[in-house]
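Enquirer: Take this structure, written in structure tokens, and hold onto it; I'll ask about it next.
Computed from the coordinates by the stated procedures, all read-outs in this text should not be read as laboratory data. Computed from a predicted structure; not experimentally measured. Cβ sites come from the backbone with ideal geometry, for glycine too, and all protein chains shown count toward neighbours.
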Amino acid sequence: METALHSFLVSVPQAAALWLLMLVGVIAAAMLLARTRQPARPAPLTEAEADALRYAGEVAVAADRAALTAERRRAEWTAAQEELDAAWRAYDEADRMAREVAKACAYPLMSRRRKPGENIERQRYLHHAATEACRQRQLSIAQLNDVFAHRGWNPRLHPVVQEAALRQAVRENRLAGYRAAQERERLTWHEAEAAAEALRSLRIEAAAAATTTRVDAGQPVADERWWADQWTTAELPAAA
């Protein structure tokens with residue numbers, strides 16, 4: 001009995017030491033595993049890497065601004081196209097009216113002695129018709145001044161002849177308006193194309209700068225062309 005008790009008392013400290021040693025080993029292993037799982041702190045950027053990162057950000061901001069400019073230029077071009085279509089419809093209508101009124105002048109007018117004051121009435125009719133046409137923006141201010149100054153206009157002509165001359169003047173004004181709208185549409189198209197090309201260049205440059213920055217940082221990157229394809233160009237006008 002005493003021998004068994006003695007053996008038990010001797011083995012208890014050894015077992016405790018063994019369990020303590022195992023516990024210390026488990027704690028050490030846990031600490032080592034936790035340390036290995038902690039993300040490594042990134043190394044401080046060099047001056048060149050900081051410059052590359054700053055440049056990539058500046059190019060990205062410039063690309064965003066260029067996108068807004070390209071969108072605005074495209075809207076201006078679309079508005080110019082609509083204005084051009086409206087100018088053509090106005091000219092087509094003026095041309096049709098001028099040809100219809102010209103048909104009435106194909107028949108000779110009866111020659112008779114004019115009543116007293118008839119020339120004044122004809123002049124008043126011409127001035128009134130020209131003023132009304134100018135109010136409706138069918139005639140320009142310069143054309144209206146020519147009518148009142150009788151430059152190229154004969155106020156004594158029959159109202160039918162005067163109406164034909166007015167319709168021809170309206171057609172000339174509409175044609176000038178169409179040509180001006182055509183020139184504006186051409187200029188806005190070139191501006192939209194220039195803005196779109198600038199946006200394409202900046203987006204490619206921004207993609208290249210982002211790729212370079214990721215390479216310098218040691219991060220995996222995809223092909224540079226893939227980066228460029230991520231920039232949508234749906235808002236850009238198509239090349240003509």
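Enquirer: Figure the gain on full extension for GLU118 and GLU93 (residue separation times 0.36 nm, minus the Cα-Cα span) and round it to one decimal in nm. Show your work: numbers first, answer last.
Expert: Details: separation 25, 0.36 × 25 = 9.00 nm, distance 3.18 nm.
In short, 5.8 nm is gained.
Enquirer: Moving on to the next point. Once the dipole of the range 127-198 is set up with Lys and Arg at +1 and Asp and Glu at -1 on Cβ about the Cα centre, which of CYS134, ALA196, GLN182 lies farthest towards its positive end?
Expert: Comparing the listed Cα positions along the dipole, CYS134 ranks first.
Enquirer: Packing-wise, with mean Cβ within 10 Å as the measure, how do 172-181, 123-132 rank, highest first? Display every interim value, and only then the final one.
Expert: Details: 172-181: 17.8, 123-132: 16.0.
Put in order of decreasing packing, that is 172-181, 123-132.
Enquirer: HIS127 label point, 7 Å along Cα→Cβ, cut-off 18 Å on backbone N: hits in the range 171-200?
Expert: Correct set: none at all.
Enquirer: Nearest 0.05, what FRET efficiency do ARG151 and GLU58 give at R0 = 41 Å with Cβ-Cβ as r? Intermediate results must be reported in sequence, preceding the final value.
Expert: On the way: r = 60 Å, r/R0 = 1.47.
Here the calculated transfer efficiency is 0.10.
Enquirer: Another question about this same structure. Under the Karplus relation 6.51 cos²θ - 1.76 cosθ + 1.60, θ = phi - 60°, what is the ordered set of whole-Hz ³J(HN,Hα) values for the range 123-129, x standing for Gly and Pro?
Expert: 3J(HN,Hα) across the range 123-129, in whole Hz: 5, 5, 5, 4, 5, 5, 5.
Enquirer: Run the numbers on the range 79-170 and let me know its relative contact order in percent, using alpha-carbon pairs under 8 Å that are six or more apart. Could the numbers behind the result be given before it?
Expert: Values: 49 pairs, mean separation 36.4, N = 92.
With pairs under 8 Å counted, the relative contact order is 40 percent.
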